[in-house]
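S.K.: My structure is below; once you've seen it, I'll send some questions.
Nothing in this text is a laboratory measurement; each read-out follows from the coordinates by a stated rule. Model, not experiment: these values are computed from the prediction. When we count neighbours, we look across all protein chains shown, and the Cβ atoms used for this are built from the backbone with ideal geometry, even at glycine.
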Amino acid sequence: MFAGLICRKEIPETVQVFVRDNNVDGALKALKKKMQREGIWREMKRNRSYEKPSERRVRKKAEAVRRTRKLDRKRMQIEGF
């Protein structure tokens, strides 16, 4: 469907959704949910326009900080602080 917008090397595997009982709306909903979970939706939005290398570095750093803070929050919750 949107394969032309996404680099194939960044997708770990093909996302598949099966249509049961001609329920296309349900299959579309499941596909969108899977794409959002895999991060494909965000990747498609990001590839719509050119991103300067400096902007890419800033975004990557912000994502790393966000991941680290999330892990710290989980660790604190598990340890009981």
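S.K.: Step through the table entries Lys29/Lys52; Lys52/Lys74; Lys33/Lys60, compare each Cα-Cα distance with 28 Å, and write down the pairs that go over it.
M.R.: Flagged as over cut-off: Lys29/Lys52; Lys52/Lys74.
S.K.: What do you get when you divide the Cα radius of gyration of region 30-69 by 2.2 N^0.38 Å, with N the number of residues?
M.R.: Relative to the rule-of-thumb radius for its length, region 30-69 sits at 1.36.
S.K.: Here's a follow-up. Using Cβ contacts closer than 10 Å as the measure, can you line up Ile40, Ile78 from fewest to most?
M.R.: Starting with the residue having the fewest Cβ neighbours, the order is Ile78, Ile40.
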